[in-house]
1. Using the structure shown, decide if Leu170 is aliphatic (A, V, I, L, M) and in contact with a helix residue (DSSP H, G or I) (Cβ under 6 Å, 6 or more places away or on another chain).
2. Check off (1) over 19 Å from Tyr75 (Cβ atoms); (2) in a helix (DSSP H, G or I); (3) away from the ligand (no atom under 15 Å from the Cβ) for Asn179 and give me the number that stays unchecked.
3. Working only within the range 261-276, note down all residues that are within 11 Å of the ligand (Cβ to nearest atom) and either farther than 26 Å from Thr158 by Cβ or not in a helix (DSSP H, G or I) (or both).
4. Go through the range 56-79 and report how many residues are closer than 14 Å to Met162 by Cα and of a type in the set (Val, Ile, Thr).
5. Just one of Lys207, Lys199, Lys274 is surrounded by fewer than 24 Cβ atoms within 10 Å (Cβ to Cβ), of a type in the set (D, E, K, R) and touching a Leu at 6+ places or on another chain (Cβ under 7 Å); which is it?
6. Name the residue, out of Leu220, Leu198, Leu213, Leu230, that is under 20 Å from Pro161 (Cβ atoms), outside any loop (DSSP other than H, G, I, E, B) and not basic (Lys, Arg).
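The values are calculated or read from the model by the stated rules, or taken from the named source; none is laboratory data. Since we're looking at a predicted model, the values are computed, not measured. All Cβ positions, even for glycine, are placed from backbone atoms using ideal geometry, and neighbour counts span all protein chains on display.
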Amino acid sequence: MAQDSITKIAYNTLQQGKSIAGLAHKEISSKLMNLLSPDEKLNDFNIDKNLLLDIQKSMGKLREEDWNDAENNIYPLKLLFDEPWLRYLTQYPKLWLDMPNTWERRKKQKNNDLPKSIEKENYPNYYLRNFHHQTDGYLSDFSASIYDLQVEILFNGTANPMRRRIIKPLKTGLLNFNNRKRSSIKILDVATGSGRTLKQLRGAFPKEKIIGLDLSDSYLKEASRHISSLEGDLIELIKGNAEELPFEDNSFQGVSCVYLFHELPRTVRENVLKEFIRILEPGGTLVLADSIQIKDSPEFLSIMEGFYKNFHEPFYCDYIKDDIDNKMKEIGFKEVSSQSFFMTKVWSAVK
Ligand SMILES: C[S@@+](CC[C@H](N)C(=O)[O-])C[C@H]1O[C@@H](n2cnc3c(N)ncnc32)[C@H](O)[C@@H]1O
């Protein structure tokens with residue numbers, strides 16, 4: 001009992017420390033940008049007292065949820081402390097060195113500044129851009145090497161607690177296949193990026209077969225680095241497009257997808273949902289996590305607006321208004337439900 005309380009204090013302290021570090025980085029870097037590369041087009045973003053209170057309350061609820069799920073054995077407690085500190089430390093100087101390039105791209109609205117070597121015909125048009133002014137978009141090893149740290153800073157250290165919100169609904173959904181051997185259950189993580197969700201999934205599903213898919217070779221290489229030392233069966237990584245998944249109909253019992261939908265045009269979101277339902281076996285579960293939306297989180301509207309006004313996120317403004325619940329039902333998903341956790345909304349649905 002006492003041990004539990006100490007571990008919980010350690011977890012809360014860790015999360016609060018990450019939050020302070022993220023806020024401090026953002027404060028210093030935006031001051032520096034205003035000094036060295038001022039941009040009048042940037043939306044001034046002031047957090048008032050009420051918003052700050054809402055943020056703190058919502059972050060507190062997220063931590064509580066994360067802790068409770070670990071305590072209830074939805075996933076192992078050690079996942080709560082699993083961060084690649086050394087990697088962050090070595091990548092951090094790269095963020096600073098790269099910052100002037102990001103500012104320049106933002107100022108000049110240069111959003112298609114991609115490596116010359118890429119073969120553009122291999123990628124959909126919407127993908128060929130510098131999402132959030134990121135150097136090389138998703139198309140270089142450099143971009144993949146600093147992505148995790150950037151996301152951690154963006155979310156003030158809450159990225160993994162938010163990603164872990166997909167685990168409980170997925171575990172509940174997979175009970176539909178309780179009579180099968182766990183090693184025969186297949187879970188696909190679409191747009192797996194650098195593999196952080198895969199790591200959370202492997203912690204919660206040690207025996208199931210897990211596959212990660214992404215369009216970027218560089219991000220898949222980074223994912224491979226993250227997951228190669230994990231216990232359990234090797235996680236398979238596949239290069240592919242979410243709009244044309246290279247799998248047979250009814251071949252998965254679980255599909256997850258984290259932080260992809262806000263970067264897709266509306267028609268592509270629909271195509272991807274149709275692919276998810278196609279590859280899921282009847283009774284299989286989809287868990288989708290992405291940004292919060294206006295209708296459930298109106299108190300955070302200014303944060304959502306700041307995101308698409310200040311970063312290159314051309315599909316986000318449409319995403320936050322898109323009725324994804326309804327779209328899921330229209331294409332045939334059942335038991336559609338959704339819940340928001342701090343900056344992330346999680347949907348679950350059954351085929
Ligand atoms: C914002 S990142 C999210 C990565 C990861 N799921 C996470 O939680 O950090 C978006 C990812 O989607 C991938 N992506 C974008 N469009 C895709 C598509 N049509 N098919 C597969 N992956 C795609 C990108 O390469 C990138 O790795």
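1. no
2. (2)
3. Leu264, Pro265, Val268, Asn271, Glu275
4. The qualifying residues number 0.
5. Working: Lys207 fails: touching a Leu at 6+ places or on another chain (Cβ under 7 Å); Lys274 fails: touching a Leu at 6+ places or on another chain (Cβ under 7 Å).
Step by step, each of Lys207, Lys199, Lys274 is checked, and only Lys199 is surrounded by fewer than 24 Cβ atoms within 10 Å (Cβ to Cβ), of a type in the set (D, E, K, R) and touching a Leu at 6+ places or on another chain (Cβ under 7 Å).
6. Leu198
One line per residue, one yes/no per condition, for (1) within 16 Å of the ligand (Cβ to nearest atom); (2) at pLDDT below 95; (3) among the aromatic types (Phe, Trp, Tyr):
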{"position": "Thr197", "(1), (2), (3)": "yes, no, no"}
{"position": "Ser218", "(1), (2), (3)": "yes, no, no"}
{"position": "Asp233", "(1), (2), (3)": "no, yes, no"}
{"position": "Gly254", "(1), (2), (3)": "yes, no, no"}
{"position": "Tyr259", "(1), (2), (3)": "yes, no, yes"}
{"position": "Arg278", "(1), (2), (3)": "yes, no, no"}
{"position": "Ser297", "(1), (2), (3)": "no, no, no"}
{"position": "Met304", "(1), (2), (3)": "yes, yes, no"}
